[in-house]
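Accompanying notes for the structure given below.
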Amino acid sequence: MLRTNLTHVLSNQEHAELLQENENVMICCGRMGPMCIPVYEVMEELEGEYTNVKFADMEFDSPDAKVIRNLPECRGFAGLPFVVYYKNGQVVKATSSIQSRDQITEILDQHFGNNHK
Amino acid sequence: MNNHYDIIVIGGGAAGLTAGIYLSRAKVSTLILNEGAVGGQMVLTHEIANYPGIENISGYELARNMKTQAQKFGCVIKSNIKITGLKLNGELKEITINNKDTFTSHAVIVATGGKPRAVGVPGEEIFKGKGISYCATCDGDFFTDKEIIVVGGGNSALEEAVSLTKYASKVTIVHQFDHFQALEHYVAEAKSNPKINFVMESKIIEFMGDESLRKVRIENRATNEISEMNVNGVFIFIGYVPNTAKFEGMIDLNEYKEIIVDKNLATNIPGVYAAGDSIVKRYRQVTTAVADGTIAALSASEYVNNLKKELVTV
Ligand SMILES: Cc1cc2nc3c(=O)[nH]c(=O)nc-3n(C[C@H](O)[C@H](O)[C@H](O)COP(=O)(O)OP(=O)(O)OC[C@H]3O[C@@H](n4cnc5c(N)ncnc54)[C@H](O)[C@@H]3O)c2cc1C
């Protein structure tokens, strides 16, 4: 399990449930590595601000993470972490490699509305 | 919210966190403002094996320990912020973050470190994470049995090129000069590796591809000849640049944009000190950043104490 304070998605089923139960979801699929940790840290900070978004992580090397690794939106990705944004269960955006807080909030505001605190 | 502190530290890497530990432990009220993730370059380091007293630790853990230690002494840390206003002259320093909150202090320590140097040519932003990487340990396994390029000629470039041969079928080192800056044993190890070959006196002038990187255009600096090479990945290790752009025109910088300091790590502005990789120095390591953080903290707190005494006697 990843050592973050985010909700951990551990299986295919948990992934499906998360998308079903939440309108706006951001999942960071990575390892405890240099490019991933800063993204988890930003997500942990944003949890309190973007109460309209569910923030979660998933271990890149777990077999069930193919639900993210094999997404068509992630084709061509070659940098950890893979971050996927879902609205009503549909992928609205995916990014590869480290992203700054500004880059992340721009995506959240664009796709999920900036009605955060 | 109390927005006044004795000292504000800009940057929460090894230098800034050390300053935070020393200052807060001495009951000097301290705020650390950090633009990215706390820990700075330590977070980018998978394993640190040369920090005295700790045989082996991940950079992330060392950073987390330093952060917790500073917070336990009462240091306030704000991460992932953006400094949008800066007034360093005068006895009261003012720093605004996110165009919203303004903080004041008697002294400031600049510990903004450095960031990886980019090649700075077309396509680099587009293919970041889609073939272009700055971290071999993070992304090496995406290039298993593929052909890649490593850009650079220093220790990191040659060391990482050798480590990437674990995954890649072929590694081409592209370097702008006809000789390497790396230590001899790194060069020898790379030269003796059958998977590594060299394109010297050359630089990448464009990254090209579709949904991921497919090829690069390379210019030979001696002949000006331009060629194309098909590759799946490019790893860039061409050094670091100091994060000092914000201070240009305020704090004196040298020709490499490093902050000029005296032996107490004071800058040209009274009450403004600097520490770590952003200052003029030869060896950039966690140990030297930690040492700088200590010196800057002690110098800055002495400055603040004297200032407070003056204010009382006036
Ligand atoms: C891949 C890699 C491996 C390394 N391996 C080792 C090793 O094994 N051993 C060793 O001793 N050293 C190693 N180093 C070097 C070492 O990590 C650095 O010398 C040291 O961490 C520098 O610390 P610093 O605090 O000066 O700067 P940084 O670590 O760069 O921290 C600066 C901080 O300031 C923040 N910042 C920047 N601009 C602003 C701004 N305008 N406002 C607010 N905040 C800002 C940054 O986000 C960052 O958090 C390595 C470096 C790298 C990149």
Exercise. Would you check which residues across region B:123-136 are at the interface with chain A (Cβ under 7 Å from one of its Cβ atoms) and in contact (Cβ under 8 Å) with a residue 24 or more places away in the chain and list them?
Key: B:Lys130, B:Gly131, B:Ser133, B:Cys135
Quiz item: Has region A:88-95 got at least one residue that is under 28 Å from B:Ala168 (Cβ atoms) and more than 10 Å from chain B (Cβ to nearest Cβ)?
Solution: yes
Quiz prompt | Only one of B:Glu206, B:Glu211, B:Glu201 that is among the charged types (D, E, K, R), modelled with pLDDT under 95 and out of contact with any Leu (no Cβ under 8 Å at 6 or more places or on another chain) | solution = B:Glu211
Practice problem: Go through region B:257-302 and give me each residue that's part of a loop (DSSP other than H, G, I, E, B), among the hydroxyl-bearing types (Ser, Thr, Tyr) and within 15 Å of B:Val9 (Cα to Cα). | Solution: B:Thr267
Self-check item: So B:Leu44, is it closer than 22 Å to B:Ala245 by Cα and surrounded by 23 or more Cβ atoms within 10 Å (Cβ to Cβ)
Solution: yes
Self-check item: Among the residues listed as B:Gly293, B:Gly249, the single one being out of contact with any helix residue (DSSP H, G or I) (no Cβ under 8 Å at 6 or more places or on another chain), within 16 Å of the ligand (Cβ to nearest atom), modelled with pLDDT of 95 or more and more than 14 Å from chain A (Cβ to nearest Cβ)
Solution: B:Gly249
Exercise. Might you check whether a residue that is assigned by TED's automatic domain parsing to the domain that holds B:Gly39 and within 19 Å of the chain's Cα centre (by Cα) occurs anywhere in region B:87-103?
Key: no
Exercise. Could you check how many residues of region B:52-108 are at positive phi and of a type in the set (Ser, Thr, Tyr)?
Key: 0
Practice problem: Spot the failing condition for A:Tyr86; the list is (1) crowded, with 16+ Cβ neighbours inside 10 Å; (2) part of a helix (DSSP H, G or I), and only one is missed. | Solution: (2)
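A quick yes/no check of all residues on (1) away from the ligand (no atom under 16 Å from the Cβ); (2) touching a residue at least 24 places away in the same chain (Cβ under 8 Å):
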{"residue": "B:Tyr283", "(1), (2)": "no, no"}
{"residue": "B:Thr287", "(1), (2)": "no, yes"}
{"residue": "B:Ala297", "(1), (2)": "no, yes"}
{"residue": "B:Asn306", "(1), (2)": "yes, no"}
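The values are calculated or read from the model by the stated rules, or taken from the named source; none is laboratory data. Here the structure is a predicted model, which means the values were calculated and not measured. Methodologically, a virtual Cβ is constructed for each residue, glycine included, from the backbone with ideal geometry; neighbour enumeration extends over all protein chains shown.
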